[in-house]
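The structure appears right after this line, and notes come after that.
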Amino acid sequence: MKFGICLASLGTYSSPRNAVRVAREAESAGWDALFYWDHLAFVWGPPAGDPWITLAAVAATTERIRIGTAVTPLPRRRPHVVAAQVATLDVLSGGRVTFGAGLGGIPEEFGAFGEPTDERVRAEMLDEGLDLVRGLLAGERVEHRGVHYTVDGVTLAPAPVQRPLPIWVGGRSPRAQRRAARFDGWLADSSDDHGMVMSPEDIRRGVERIAPRAGFDIGVMGYTRAAGDDLARAYEEAGATWWLENVHDTRGTPDEMLARVAAGPPE
């Protein structure tokens, strides 16, 4: 199992400077990755940072840790623009990006700007958009005429360093798990602000549904109290390959959260 930080893009960590501080501490303490939320939280409350600017700052100030979004609601973004952002970030970081994508679970972040809030429509957009992003990141010449998107013979440049660049799909439902099985990883929607919402047995059932091939990743987001906490091991036994420690304001002060990061991964 590998260990990463899943950093909220809200409140304290909406500032790229604070996110960079956490990322540098995480790299120094032996964590393997830093994933950043992608929310327009200012629609319903707290300030929210832009993931691509923040992750670019993280890429420029770290050397080893993987970076990515957990997760980008692809239906409220243009897939070709996202593909260009992901590829550019991968070049900047030297091939350290994992792209996390999902449906988007807060309708206000869509409806406030006239975007579709119907979950079925967003699911169609996600499926179509993911295929476009994958094709563009692979360096293919993409021709596409779909229900929601059109691409008229375009090849993305610059291409990402990684071929293929891993794409993880987030969610909790069987449909999300089946969608994830088409890509490179499942990022389980396994916790909320207060604690775990998916048990190891829930993860085990998801893994069975996905039937992952070699190299497929299963990421679980959660909370451990200290480096010696063995909670992550129960999820590893259920099939998880990544534990992502949630860091945000509801779990403690910035100093307390930084101290948890500095303490290192659960193992």
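What are the radius of gyration and Dmax of the stretch 1-150, computed over its Cα atoms and given in Å?
15.7, 47
Tilt of helix 79-93 relative to the longest C-alpha principal axis of the chain, in degrees (0 to 90, nearest 10)?
50
Is the stretch 125-164 rounded, prolate or oblate when judged by the Cα gyration tensor, a ≥ b ≥ c being the square roots of its eigenvalues, rounded requiring a/c under 1.5 and prolate requiring a/b larger than b/c?
Taking the square roots of the gyration eigenvalues as a ≥ b ≥ c, the stretch 125-164 is oblate.
Working from Cα positions, state the angle (0 to 90°, nearest 10) between the long axis of helix 119-137 and the longest principal axis of the chain.
So the helix axis and the longest Cα principal axis differ by about 90 degrees.
With Cβ to Cβ distances under 11 Å as the rule, what net charge do the other residues near T62 carry (K, R +1; D, E -1)?
+1
Tell me what the chain gives for mean residue ellipticity at 222 nm when only DSSP H runs of n ≥ 4 count, each as -39,500 (n - 2.57), the sum divided by the residue total, rounded to 500 deg cm²/dmol.
-11000 deg cm²/dmol, from helical runs alone.
For the chain, with the dipole built from +1 on Lys and Arg beta-carbon atoms and -1 on Asp and Glu ones, taken about the Cα centre, which of L7, W44, T61 lies farthest toward the positive end?
Most positive-ward Cα: T61.
With point charges of +1 on the Cβ of Lys and Arg and -1 on the Cβ of Asp and Glu, referenced to the Cα centre of the stretch 118-204, which listed residue (M198, A180, A159) lies farthest in the positive direction of the dipole?
Looking along the dipole axis, the top candidate is A159.
As a test question: what accessible area, to the nearest 10 Å², does S199 have when a 1.4 Å probe is rolled over all protein chains in place?
Its heavy atoms expose roughly 50 Å² to the probe.
Considering only protein heavy atoms and a probe of 1.4 Å, how much of the accessible area of the chain is carbon and sulfur, as a whole percent?
On the way: 5830 of 11490 Å².
Reported share for carbon and sulfur atoms: 51 percent.
What is the stretch 110-219 by shape, rounded, prolate or oblate, if you read a ≥ b ≥ c off the alpha carbon gyration tensor as root eigenvalues and call it rounded for a/c under 1.5, prolate for a/b larger than b/c, and oblate otherwise?
oblate
Angle, helix 51-61 long axis vs. longest principal axis of the chain, Cα atoms, 0 to 90°, nearest 10?
60
Give the Rg (one decimal place) followed by the Dmax (whole number) of the stretch 2-77, computed from C-alpha coordinates and expressed in Å.
Considering the stretch 2-77 through its Cα atoms, Rg and Dmax are 11.9, 35 Å.
Which percent, nearest 5, of DSSP beta bridges in the chain are antiparallel?
20
Calculate the dipole size of the stretch 1-122 relative to its Cα centre from +1 charges on Lys and Arg beta carbons and -1 charges on Asp and Glu beta carbons; express the result in debye to the nearest 20.
Details: 12 positive and 12 negative charges, 48 e Å.
It works out to roughly 240 debye.
Ranked by accessible surface with a 1.4 Å probe, highest first, in what order do S191, S28 come?
Solvent-accessible surface, decreasing: S28, S191.
Using the Cα centre as the reference, give the magnitude of the dipole from point charges on the C-beta atoms of the stretch 119-173 (Lys, Arg: +1; Asp, Glu: -1; all else neutral), rounded to the nearest 20 debye.
180
For the stretch 21-105, what is the accessible area per residue in Å² when the probe is 1.4 Å?
For the stretch 21-105, the per-residue accessible area is 35 Å².
Given Cβ point charges of +1 (Lys, Arg) and -1 (Asp, Glu) and nothing else, what value in debye, to the nearest 20, does the dipole of the chain about its Cα centre take? Numbers along the way, then the final one.
On the way: 29 positive and 36 negative charges, 111 e Å.
Roughly 540 debye, rounded to the nearest 20.
Keeping all protein chains in place, calculate the accessible area per residue for the stretch 127-261 (probe 1.4 angstrom), answer in Å².
Here the residues of the stretch 127-261 average 47 Å² of exposed surface.
Which of the three applies to the chain, rounded, prolate or oblate, going by the alpha-carbon gyration tensor with a ≥ b ≥ c and a/c under 1.5 meaning rounded? Provide the component values of the computation, followed by the final result.
Details: a/c = 1.43, a/b = 1.33, b/c = 1.08.
Rounded is the answer for the chain, as its axis ratio a/c remains below 1.5.
The values are calculated or read from the model by the stated rules, or taken from the named source; none is laboratory data. These figures come from a predicted structure and were not determined experimentally. With ideal geometry, Cβ positions are generated from the backbone for all residues, glycine too; neighbour counts draw on all protein chains shown. SASA here: full protein model, heavy atoms, side chains in, ligands and nucleic acids out. Shrake-Rupley method; radii C 1.70, N 1.55, O 1.52, S 1.80 Å.
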